[in-house]
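All remarks here apply to the structure that follows.
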Amino acid sequence: MSGNIKTSEIHQMIRVDQAGEFGATRIYQGQMAVMGDRGPHAQEIAHMAEQEEGHRARFDALIAKRGVRPTALQPFWSVAGFALGAGTALIGPEAAMACTAAIEEEIDRHYSQQLDRLNEDGDDPELADMIEEFREDERAHRDAALAAGAERAPAYPLLSGAIRLGCRAAIKLAERI
């Protein structure tokens, strides 16, 4: 690649984004396992899960196409994502929505930082377009979660803060491992 951005940095972006989308699918699977398909927000969660699955599939294809090494932490993200989704759903529907709002707030920030970096040199319009499209979906998920009562979850500031911190840590780990 020409310009300022290195291939290794692009690979890192793809690796962490694929890991995040995989984690998101597992969070929603955990929520749906607890809440079922008839509970409060079940249709919203199912719709968001479907979008995340589409994001993951597109990142999987990009990993294969570009020969990117996926994260070695995939088994951990599978268990941790499902546990987070199930755990917040066990607290209640608002806590499940608080989880979504917190995660999507961090992903919005993360994708925006990546877009800023990609737009500095414009060398990878395919990746930039994907990230921009997915960021809009993530923002819509956050807004839907807030509208569904995320902020009414028990101990919302603490729950949201802990989930956001965990999300930031997961991003850093997936970038490297």
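Take region 49-59 and flag every residue that is of a type outside the set (Phe, Trp, Tyr), surrounded by 18 or more Cβ atoms within 10 Å (Cβ to Cβ) and out of contact with any Phe, Trp or Tyr (no Cβ under 6 Å at 6 or more places or on another chain).
Passing the criteria: Gln51, Glu52.
Mind listing just one residue for me: the one in region 35-50 that is out of contact with any Pro (no Cβ under 6 Å at 6 or more places or on another chain) and touching a residue at least 60 places away in the same chain (Cβ under 8 Å) and, of those, nearest to Leu84 (Cα to Cα)?
Just the residues of region 35-50 that are out of contact with any Pro (no Cβ under 6 Å at 6 or more places or on another chain), to begin with: 35-39, 42-50.
With the extra rule that they be touching a residue at least 60 places away in the same chain (Cβ under 8 Å), the set shrinks to 35, 44, 48.
Working: Met35: 13, Glu44: 18, Met48: 16 Å.
The qualifying residue nearest to Leu84 (Cα to Cα) is Met35.
Among the helices (runs of 4 or more DSSP H) lying completely within region 60-177, list those that include at least 1 residues that are of a type in the set (S, T, N, Q) and crowded, with 18+ Cβ neighbours inside 10 Å.
74-91, 93-121, 156-176
Per-residue answers, yes or no, for (1) closer than 21 Å to Glu175 by Cα; (2) among the charged types (D, E, K, R):
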residue: Ala96; (1), (2): no, no
residue: Glu105; (1), (2): yes, yes
residue: His110; (1), (2): yes, no
residue: Gln114; (1), (2): yes, no
residue: Glu120; (1), (2): yes, yes
residue: Pro125; (1), (2): yes, no
residue: Asp129; (1), (2): yes, yes
residue: Glu138; (1), (2): yes, yes
residue: Asp143; (1), (2): no, yes
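Name the pairs whose Cβ atoms lie under 7 Å apart, with the first residue in region 104-118 and closer than 13 Å to Glu21 by Cβ, the second among the acidic types (Asp, Glu) and crowded, with 16+ Cβ neighbours inside 10 Å, and 6 or more positions between them or separate chains?
Going by the 7 Å Cβ cut-off, the qualifying pairs are Glu104/Glu138; Ile107/Glu138; Tyr111/Glu138.
Coordinate-derived values only; no laboratory data. Just so it is clear, the structure is predicted and the values come from calculations on it, not from any experiment. Note: ideal-geometry Cβ built from the backbone for every residue, glycine included; neighbour counts use all protein chains shown.
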